[in-house]
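Chemist: Below are the structure tokens for one structure; questions will follow.
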Ligand code: SF4
């Protein structure tokens, strides 16, 4: 057992399971019978972040951070809906701390005492124009998540790693225990959830195995993990230490497939990972593709167009199927709030944009 007592969650990772994962190679996994993706529109709600991860170009320091206005949110979402997206992907830094006075003053002017209160309004706007919200607001307390859970089809946060790494360091280091607690909170609240590991930020192979198994433990407890992203760190203006090589990505992706329960998708992001080299390592999802906005998390790495995804699926010899931001089993099993169910039902009458993507 390790992790996160300070944050109210303890995660069990068996040493024998770690050893098994450390012995895993791509030869131990099979290719998936299909690849899936979602059409999303990126909505970078704010670039303020309390942390300063050394590999991240998303956050802006106080005085430079942006905050989208309700009008801008509506405009981006409308363009996404018009282009056929199903998902409004709300990206954040992590809860802006007291240093971000301009952000807090602007929120107050708009009638909100926190970024989560504003997120709720943003999700309502997305639902209003016909998109399903999927918010990634970083670490969340139970109170914060409760405030927005019913207006999200699913939510997410990258675990990245269970290890304490220098890349998270500095005066405001984010802590793995807090991320695990956020995952556990999502489970307790019944929120379908996306998480992932970030490869190449100073973690060891043992750390990678433990991170995968920690997610497994939470999935076995709550059943809420819909997909796990296996993402390499990449060079950018703040990170010049390089990316993990292809062999590393092949091995860690296979580890994720072996270490996670079968129902959890393993996602590889084609704009960051060498996806064509990973097709035999157990990946079954290619994440989101946006016809409208840039990937604001990694702006230098443009989203591949849909044609690129089709080409990848063709190379794999499997069908490429569009999915919703919430995986189908959560719809069937009644996980969604009345608000999200109503959005799905309303869309039926308007032309089956959502339900047309469901298999059953
Ligand atoms: S990776 Fe996330 S938590 Fe870290 S600085 Fe960037 S936005 Fe903030």
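Chemist: How do 268, 30, 66 rank when sorted from fewest to most other Cβ atoms within 10 Å of their own Cβ? If you can, show how the numbers build up before the last one.
Modeler: Working: 268 28, 30 9, 66 14.
Listed from fewest to most nearby Cβ atoms, that is 30, 66, 268.
Chemist: Mind giving me the nanometre distance, one decimal, between the label points for residue 143 and residue 318, set 7 Å out from Cα along Cα→Cβ?
Modeler: If labels sit at residue 143 and residue 318, their model points lie 4.4 nm apart.
Chemist: Among DSSP beta bridges lying fully in the chain, give the percent that are antiparallel, nearest 5. Write out the running numbers ahead of the final one.
Modeler: On the way: 4 of 36 bridges.
That works out to approximately 10 percent antiparallel.
Chemist: Which of rounded, prolate or oblate describes the chain when judged by the alpha-carbon gyration tensor and an a/c cut-off of 1.5? Don't skip to the end; give the middle numbers.
Modeler: Details: a/c = 1.41, a/b = 1.13, b/c = 1.25.
Judged from the Cα gyration tensor, the chain comes out rounded (a/c under 1.5).
Chemist: Per the helix-only calculation at 222 nm, which mean residue ellipticity applies to the chain, given -39500 (n - 2.57) for every DSSP H run of n ≥ 4 and division by its residues, nearest 500 deg cm²/dmol?
Modeler: On the way: 11 runs with 128 residues, N = 360.
Mean residue ellipticity, 222 nm, calculated: -11000 deg cm²/dmol.
Chemist: Roughly speaking, what is the centre-to-centre gap between the range 177-251 and the range 53-127 when only Cα atoms are used, to the nearest Å?
Modeler: 24
Chemist: Moving on. At residue 69 and residue 339, where each label point lies 7 Å from the Cα along Cα→Cβ, what is the point-to-point distance in nanometres?
Modeler: For residue 69 paired with residue 339, the spin-label model returns 2.4 nm.
Chemist: While we're looking at this one, here's another question. I need to check one value: relative contact order of the chain, counting alpha carbon pairs closer than 8 Å and at least 6 residues apart, in percent.
Modeler: Values: 734 pairs, mean separation 87.2, N = 360.
24 percent.
Chemist: Here's another thing I want to ask about it. Based only on other Cβ atoms within 10 Å, what is the fewest-to-most ordering of 131, 159?
Modeler: Values: 131 30, 159 21.
The most exposed by this proxy come first: 159, 131.
Chemist: For 199, 129, 246, 326, what's the fewest-to-most ordering of other Cβ within 10 Å of each Cβ? All intermediate terms of the calculation are to be shown ahead of the outcome.
Modeler: On the way: 199 23, 129 18, 246 14, 326 27.
Fewest-to-most ranking of 199, 129, 246, 326: 246, 129, 199, 326.
Chemist: Full extension from residue 357 to residue 30: what is 0.36 nm times the residue separation minus their Cα-Cα distance, to one decimal in nm? The partial results should precede the final answer.
Modeler: Numbers: separation 327, 0.36 × 327 = 117.72 nm, distance 2.53 nm.
The residue 357-residue 30 span can extend by a further 115.2 nm.
Chemist: Could you work out how much longer the chain between residue 346 and residue 113 gets when fully extended? Use 0.36 nm per residue separation minus the Cα distance between them, nm to one decimal. Walk me through the numbers before you get to the answer.
Modeler: Details: separation 233, 0.36 × 233 = 83.88 nm, distance 3.14 nm.
Computed gain between residue 346 and residue 113 is 80.7 nm.
Chemist: In addition: Kindly state, to the nearest 0.05, the FRET efficiency for residue 20 paired with residue 54, given R0 = 30 Å and r defined as their beta-carbon distance.
Modeler: E between residue 20 and residue 54, to the nearest 0.05, is 0.40.
Chemist: Here is a follow-up. According to a simple spin-label model (label point 7 Å from Cα along Cα-to-Cβ), what is the distance in nm between residue 99 and residue 311?
Modeler: Spacing of the two 7 Å Cα→Cβ label points: 4.1 nm.
Each reported figure results from applying straightforward, stated rules to the coordinates on display, with no laboratory input. Given the structure is predicted, the values throughout are model-derived calculations rather than measurements. We place every Cβ from the backbone using ideal geometry, glycine too, and count neighbours over all the protein chains shown.
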